[in-house]
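Trainee: Sending over a structure as structure tokens; questions will come in a sec.
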Amino acid sequence: MSVTWTEIEVAGLASATSTEVELERRGYLDTIIYERATGGSEYDSGATLTVEAVLPTGFTAQPVLTAVSLNASASWRPRTPAHVAAGTAVTDSTEMIALCNFQLRFSVTNGGAGKTGKFLVIYRR
């Protein structure tokens, strides 16, 4: 399995409005890294990041990550519960999130007008 990464920049907006960047990838989502900006361009306190997997038409987007108060650089390794054949979640096991022509939608709310943040998305193929 090879490791690939993509860097994206997401603009923050004032109030509860959001800006979205969609990233289409195939493979397994491994890590999302947020690098907090400095010098006044960083998100306002209280900024919230939401990442969703956008599925084909007719299906509801699935949550991947919600991170509140982006006040410092951080990294996350989103996972989904593994399931047994009967459909119940296995409590001590998680799996990387599979991406197959899905888009990852990054939204930042309450980030502040004119503010931006950088995210590094690492996935495995």
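The values are calculated or read from the model by the stated rules, or taken from the named source; none is laboratory data. Bear in mind the structure is a predicted one, so any value in this text is a computation, not a measurement. Using ideal geometry, Cβ is built from the backbone for each residue, glycine included, and neighbour counts are taken over all protein chains shown.
Trainee: Considering only residues of the range 6-22 that are at pLDDT 80 or above and of a type outside the set (V, I, T), which is farthest from G114 (Cα to Cα)?
Mentor: Among those that are at pLDDT 80 or above and of a type outside the set (V, I, T), it is E7.
Trainee: Also, I was wondering about something else. Are there any pairs with C-beta distances below 7 angstrom linking a residue in the range 46-74 that is over 16 Å from R105 (Cα atoms) to a residue that is hydroxyl-bearing (S, T, Y) and not in a strand (DSSP E or B), with the two at least 6 apart or on different chains, and if so which?
Mentor: So the pair list comes out as G46/S69; S69/S45; L70/Y43; N71/S45.
Trainee: Can I ask one more? Given (1) modelled with pLDDT under 75; (2) closer than 12 Å to T116 by Cα, where does R25 come up short, assuming only one miss?
Mentor: That leaves (2) as the condition not met.
Trainee: Tell me yes or no: at least one residue of the range 80-92 is surrounded by 13 or more Cβ atoms within 10 Å (Cβ to Cβ) and farther than 29 Å from K115 by Cα.
Mentor: yes
Trainee: Are any residues in the range 75-88 in contact (Cβ under 8 Å) with a residue 24 or more places away in the chain and under 16 Å from L99 (Cα atoms), and if so, which ones? Show your work before the answer.
Mentor: Kept after step one, since they are in contact (Cβ under 8 Å) with a residue 24 or more places away in the chain, are these residues of the range 75-88: 75-78.
Hits for the range 75-88 are R77, P78.
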